[in-house]
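The values are calculated or read from the model by the stated rules, or taken from the named source; none is laboratory data. Bear in mind that the values here come from a model prediction, so they are computed numbers and not experimental data. Note that we place each Cβ from the backbone using ideal geometry, even for glycine, and neighbour counts take in every protein chain shown.
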Amino acid sequence: MWDGTIINHAPPDVLQKLGHASASIGLVSDDPEASAHDAADFALAALKPT
């Protein structure tokens, strides 16, 4: 699993329409360094032409 947090941030007018609701997702890794390397390898592989 990768380490990180996703925070959804909407413009003020959208937040007002939603009653100022917001959301976030936190992910935790047992080995952040290995997860960071895995994430980097995944991202680099996605950039390689097929």
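If you take the residues in the stretch 1-14 that are of a type outside the set (V, I, T) and at pLDDT below 80, which one is surrounded by the most Cβ atoms within 10 Å (Cβ to Cβ)? Going through the qualifying residues, I end up with D3.
The C-beta contact set for the stretch 34-47 (first residue in contact (Cβ under 8 Å) with a residue 24 or more places away in the chain, second residue surrounded by 10 or more Cβ atoms within 10 Å (Cβ to Cβ), distance under 8 angstrom, 6+ apart or interchain) comprises S35/M1; S35/W2; S35/D3; S35/S29; A36/W2; A36/D3; D38/W2; A39/W2. Of all residues in the stretch 17-50, those being among the β-branched types (V, I, T) and surrounded by 10 or more Cβ atoms within 10 Å (Cβ to Cβ) number 1.
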